[in-house]
1. Rounded to the nearest 10 Å², what accessible area does Trp194 have for a 1.4 Å probe in the complete protein model?
2. Just name one of Gln118, Ala173, Pro154: the one whose Cα is farthest towards the positive end of the charge dipole of the stretch 109-219 (beta-carbon charges, Lys/Arg +1, Asp/Glu -1).
3. At 7 Å along Cα-to-Cβ for each site, give me the label-to-label distance between Lys395 and Asp140 in nm.
4. Roll a 1.4 Å probe over the protein heavy atoms and report the accessible area of Thr301 in Å², nearest 10.
5. Lys462 versus Gln475, label points 7 Å from Cα toward the beta carbon: distance in nm?
6. Would you mind getting the accessible area per residue of the stretch 363-475, heavy atoms of the protein chains only, 1.4 Å probe, in Å²?
7. Between Val45 and Thr158, what length in nm is gained on full extension when 0.36 nm per residue of separation is reduced by their alpha carbon distance?
8. Taking the full set of protein chains and a 1.4 angstrom probe, give the accessible area of Ile306 in square angstrom, rounded to the nearest 10.
Amino acid sequence: MISYFIYTIISLGCSYAVYFLLLRRQKTFQFNRFFLLSALVLCLVAPFLEFELFKAVPSITQIPLDKYTETNAVIDTVDNVTLGEEVAVNPYRANPVMIIYGLISLLLIIRFSRNLLQIFKLTRSEYETIGHLKLIKIEDSNMVSSFFNYMLIPKQHTLSREDFESIIAHETAHSKELHTIDIILLELLSCVFWFNPFIWLYKKAVLQNHEFIADEMSVSSGIDIENYSNTIINLGQKEYRVPLTSGFNFIQIKNRIIMLHQSKSSVFNRTLKSAAVILLLAGIFMFSSYKNLDDSFSDDTLIVVIDAGHGGHDSGNSIEKEIVLEISNLLASYSNEKVKIIQTRNSDNFLSLKERSEIINAVNADLVISLHCNAHTEPSINGIEAYYNDENEDKKASFDYSKILINNQSRLLSGRSNVKSASFYLLRNVNCPAIYLELGFLTNEKDKAVLTNEAEQVEIAKSLFGSLLEIREAQ
């Protein structure tokens with residue numbers, strides 16, 4: 001999510017710079033409107049429309065690990081385990097930054113809804129039809145504005161005939177051009193992307209361009225340009241206006257007067273600049289939407305090693321090696337640019353603990369999870385357990401990540417869910433946060449039924465990947 005926000009800020013900034021440098025002073029108002037709206041939408045959508053590059057480069061998860069030969073294993077015994085206090089896991093974890101973002105967005109949406117309701121109530125008032133417009137007289141604003149084909153005008157206005165004709169032509173242009181749709185779109189985007197400074201610059205640019213379009217259409221309809229300019233000056237005071245409306249005296253007077261009297265550049269220059277703008281926009285869009293498949297070392301990517309316990313001649317508890325391998329392979333299939341899954345083994349081969357730790361340290365992982373299935377002499381014992389090394393320098397991260405994994409997995413398996421400390425070889429010999437995750441007890445009928453069911457294995461893998469996404473956001 002954070003990387004998406006960064007992409008939108010960069011891409012919107014680049015496209016706004018193109019508008020500011022090449023189009024802002026050009027009298028290509030309809031093209032400017034198209035550019036501003038299309039650039040705004042494309043830059044927000046582009047990160048979701050990813051083009052894949054470098055398909056020839058293999059993912060690290062596709063590199064076979066069969067070259068590791070069988071050696072003597074370093075065996076962990078139950079004596080290596082130090083049982084700690086059981087930790088009550090909080091089932092709800094929330095990112096405070098996302099909470100603040102959500103609250104501000106909610107407040108903005110409430111404000112937008114209130115403004116929309118205010119206008120809806122005004123449109124239910126009595127109106128007078130003047131050409132294309134429905135004129136409604138209001139008391140709480142001294143400004144003339146429009147919403148679709150509704151024109152809002154002060155109840156006690158003192159407009160001359162020339163001013164009134166200019167305003168009617170201006171607001172008719174707003175109505176026919178459907179500028180209200182642009183305003184509603186901008187308001188909604190502002191509610192969601194309020195943190196992006198370029199959203200507000202786009203909003204200002206679009207509203208100003210609306211006035212340029214309406215001014216040009218008004219003068220083209222036959223109104224004298226000097227009388228029209230005087231009307232802009234006379235009604236140029238900035239006072240309260242009804243939200244979500246287009247207003248005659250809303251945008252800067254100086255810019256409108258200058259643009260109204262400015263001559264159009266040559267057709268060649270306008271065409272050249274328009275072509276350059278389209279090419280630059282296409283470049284920004286393509287840059288924002290490219291996805292490099294070889295993104296294993298991206299700063300935003302969480303690199304996770306999934307170690308399927310046992311393998312080969314070491315079967316573990318009953319059919320443990322097959323279960324954890326299947327879940328490991330399912331997890332690897334979800335690997336993407338957010339969470340990169342690397343497997344220590346993707347087939348039924350044996351790796352010593354030393355070899356496993358060497359694989360993990362070689363890829364500079366952010367986290368390692370060693371998958372196992374538990375066993376107990378008492379068949380009634382069931383549930384999920386996670387182990388971490390409380391002497392490791394990454395012990396806090398290991399402990400916090402263990403709680404996330406336990407919390408999500410406990411929704412699939414009933415029974416206890418514990419986080420304990422242990423001094424297993426793998427936990428002591430890797431250079432990143434490490435967790436032994438016992439997915440359930442094969443000696444318990446209910447746990448075994450879940451762990452050996454193919455559909456449930458898929459759900460376990462999905463839950464684990466969801467936990468990894470949560471861990472990535474928590475970093």
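1. Here the accessible area works out near 70 Å².
2. Farthest towards the positive end: Gln118.
3. 6.2 nm
4. Here the residue's solvent-accessible area equals roughly 10 Å².
5. With each label point 7 Å from Cα toward Cβ, the separation is 2.5 nm.
6. 40 Å²
7. Stretched fully, the Val45-Thr158 segment lengthens by 36.0 nm.
8. The accessible area of Ile306 comes to roughly 0 Å².
The values are calculated or read from the model by the stated rules, or taken from the named source; none is laboratory data. Since the structure is predicted, the reported quantities are computational estimates derived from the model, not experimental observations. Cβ: placed from backbone, ideal geometry, glycine included. Neighbour counts: every protein chain shown. These accessible areas exclude ligands, DNA and RNA; they are computed on the full protein's heavy atoms, side chains included. Shrake-Rupley method; radii C 1.70, N 1.55, O 1.52, S 1.80 Å.
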